[in-house]
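Data block below; observations after.
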Amino acid sequence: MAPKFGTSGLRGLVVELTPELVQAYTTAFLASCPIGTGLFVGADLRPSSPRIAGDVIAAARRAGVAVTDCGALPTPALALAAMSAGAAAIMVTGSHIPADRNGLKFYLPSGEISKQDEIAIGAAYGAGAAPGDGPEGSLSARPEAAQAYVARYADAYGAQALAGLRLGVYQHSSVARDLLVAVLAALGATPILLAPSDTFIPVDTEAVDVQTRSMLAQWCVDHQLDAILSTDGDADRPMLTDATGQVVPGDVLGVLAAQALGAQIVCTPVSSNSMVSEIPAFDAVYLTKIGSPFVIAAMEAALSAQPDAKVVGFEANGGFLLGFAAQGPVGPLAALMTRDAFLPMLAPLVAARAAGVSLAEMAAGLPARFTASDRLTEIPTERSAAFLARLDGNAADCAAFLAPIGTLAACDRTDGLRLMLVDGRVVHLRPSGNAPEFRVYTEAQTAAEAAALLDAALTLVRAAL
């Protein structure tokens, strides 16, 4: 796929992310967006990431920009370091997609770029923005940026927050694999290291395969674990299981974390579990298109209207955005309005331990509404768009497509097609914004119903595409 902006940054095949293209996009970003005190650069553990990060650094220095190389670290850790220094940032990551793809995620000194910023960067790239002819920018290193991210949680939650818990860390190729172990140890837990990999593994927290789920369950038995924690490749999406190895969906983690932090206003995409709107503690819930830029825009609008409000955001993949200065058991937790994987795992675990209940028991206390999701890979975006356009534009075609699983009652077009059936079940169809994939989300009254509906919907979509 040709490199392009999706729901979260620029993505493309590694062979198409040439030094020339990466440097041109870096130059375009620097020319079209405010960068404050300089540029911070980080990367995940993909084989291609060091080379691409080097291309970013070279282009920025040629543009006369002071560059701080933070090395391999989580995306939220890079964002935290850059924003604390009043600097812009570029993270080299393809997130959860396979290693033959990679990408760039851009940050202003104030946080993630907006969709308007993307347009400006694209225009500058198309116009062939030049780096200028001034002196070369400086280069420094900041390996301590990763440890500052660990300290963020250690200082807020304290050394006894998870004391007595045996917590597995599925390390695979996550750039956060060692930092997650360090955070859990700092909070008093006993971390158990599981399956580190020298080969990049594309873990998608929204579509955990059957083999991985079986492996997680067996680890819980073998190691007598209270939970297993993991992330996607760049650690902006969490994966947390209960003591049986059952994966807690990201949108459930989002609700649990929001409750634990005392949130008043929640912003989340339309694909999230609809039970978020049934939580009495939330004064308002705003539903958005899918992607952190849309969630952030809704959070900013809420804060503009009510500056002192306790506003949070989360996505169905579990990435959590903190829009206010929260208070942990022993210290403050500063706002961080970018997708984070650590907070939505730590906050529910700490809250459950403090309440003397298990994570599963805490989740069971939420309204009974269950979701499931998966994706079909290697589906060209054009084919996906044509398929959705046909369903949306022809009632008979849509009815025929849905006939094997139900009857349409209503349709939400906020992002893709969210088809509400007459019996209350939901099938949400949407092409991925950053990969040649087609996403299917389902929702029902029980986990088994949601899973069965997902299987049926995937079968129909697979046949259609």
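The values are calculated or read from the model by the stated rules, or taken from the named source; none is laboratory data. Worth saying up front: this structure is predicted, and the values here are computed from it rather than measured. Cβ sites come from the backbone with ideal geometry, for glycine too, and all protein chains shown count toward neighbours.
A few comments on the model shown:
- One residue stands out in segment 316-342 among those that are within 16 Å of the chain's Cα centre (by Cα) and aromatic (Phe, Trp, Tyr): the one that is surrounded by the fewest Cβ atoms within 10 Å (Cβ to Cβ), namely PHE342.
- Positions within segment 220-241 being crowded, with 19+ Cβ neighbours inside 10 Å and among the hydrophobic types (A, V, I, L, M, F, W, C), in sequence order: CYS220, LEU225, ALA227, ILE228, LEU229, ALA235, MET239, LEU240
- Segment 415-465, subset over 18 Å from ASP251 (Cβ atoms) and among the β-branched types (Val, Ile, Thr), residue surrounded by the most Cβ atoms within 10 Å (Cβ to Cβ): VAL461
- Output for segment 356-400, where each listed residue is assigned to a helix (DSSP H, G or I), under 21 Å from THR244 (Cβ atoms) and among the basic types (Lys, Arg): none
- ILE192 vs. criteria part of a loop (DSSP other than H, G, I, E, B) and without any contact (Cβ under 8 Å) to a residue 40 or more places away in the chain: no
- Applying the set (1) in a loop (DSSP other than H, G, I, E, B); (2) in contact (Cβ under 8 Å) with a residue 24 or more places away in the chain; (3) of a type outside the set (Val, Ile, Thr); (4) surrounded by fewer than 24 Cβ atoms within 10 Å (Cβ to Cβ) to ALA31 leaves exactly one unmet item: (1).
- Residue that is farthest from ALA335 (Cα to Cα), among those in segment 273-311 that are out of contact with any Ser or Thr (no Cβ under 8 Å at 6 or more places or on another chain) and among the charged types (D, E, K, R): GLU278
- Residue check for ALA325: out of contact with any helix residue (DSSP H, G or I) (no Cβ under 9 Å at 6 or more places or on another chain) and either under 19 Å from SER114 (Cα atoms) or not assigned by TED's automatic domain parsing to the domain that holds SER174 (or both): no
- Inclusion of ASP251 among residues that are in contact with a His (Cβ under 7 Å, 6 or more places away or on another chain), in the same structural domain as VAL183 (by TED's automatic domain parsing) and either closer than 17 Å to TYR153 by Cβ or surrounded by 24 or more Cβ atoms within 10 Å (Cβ to Cβ) (or both) is not warranted.
- In segment 343-355, the residues that are in a helix (DSSP H, G or I) form Cβ pairs under 8 Å with partners that are modelled with pLDDT of 95 or more and among the charged types (D, E, K, R), at six or more places apart or across chains, as follows: ALA352/GLU361.
- Of all residue pairs spaced 6 or more apart or on separate chains, those with beta-carbon atoms under 6 Å, a first member in segment 200-220 that is assigned by TED's automatic domain parsing to the domain that holds PHE314 and a second member that is at pLDDT 95 or above and among the acidic types (Asp, Glu) are VAL203/ASP232; THR205/ASP232.
- When residues of segment 164-181 are limited to those that are assigned to a strand (DSSP E or B) and free of Cβ contacts under 8 Å to residues at least 60 places away in the same chain, the one surrounded by the most Cβ atoms within 10 Å (Cβ to Cβ): HIS172
- Within segment 199-219, restricting attention to residues that are β-branched (Val, Ile, Thr) and in a helix (DSSP H, G or I), the residue that is surrounded by the most Cβ atoms within 10 Å (Cβ to Cβ) is THR212.
- Test: MET362 is surrounded by fewer than 22 Cβ atoms within 10 Å (Cβ to Cβ) and closer than 28 Å to VAL210 by Cβ: yes
This table checks each residue for (1) among the polar types (S, T, N, Q); (2) under 16 Å from GLY9 (Cα atoms); (3) in contact with a His (Cβ under 8 Å, 6 or more places away or on another chain).
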site: ALA77; (1), (2), (3): no, no, no
site: MET83; (1), (2), (3): no, no, no
site: ALA88; (1), (2), (3): no, yes, no
site: SER95; (1), (2), (3): yes, yes, no
site: ASP100; (1), (2), (3): no, no, no
site: LEU104; (1), (2), (3): no, yes, no
site: LYS115; (1), (2), (3): no, yes, no
site: GLU118; (1), (2), (3): no, yes, no
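Per-residue answers, yes or no, for (1) outside any loop (DSSP other than H, G, I, E, B); (2) modelled with pLDDT under 90; (3) more than 20 Å from ASN317 (Cβ to Cβ):
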site	(1), (2), (3)
PRO404	no, no, yes
ASP415	no, no, no
ASP423	no, no, yes
VAL427	yes, no, no
ALA435	no, yes, no
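- GLU16 passes every criterion in (1) surrounded by fewer than 24 Cβ atoms within 10 Å (Cβ to Cβ); (2) at pLDDT below 95 apart from (2).
- For VAL276, the requirement of being surrounded by fewer than 24 Cβ atoms within 10 Å (Cβ to Cβ), in the same structural domain as ALA351 (by TED's automatic domain parsing) and of a type outside the set (S, T, N, Q) is met.
- Pick from segment 290-315, criterion assigned to a loop (DSSP other than H, G, I, E, B) and aliphatic (A, V, I, L, M), ranking: farthest from the chain's Cα centre (by Cα): ALA309
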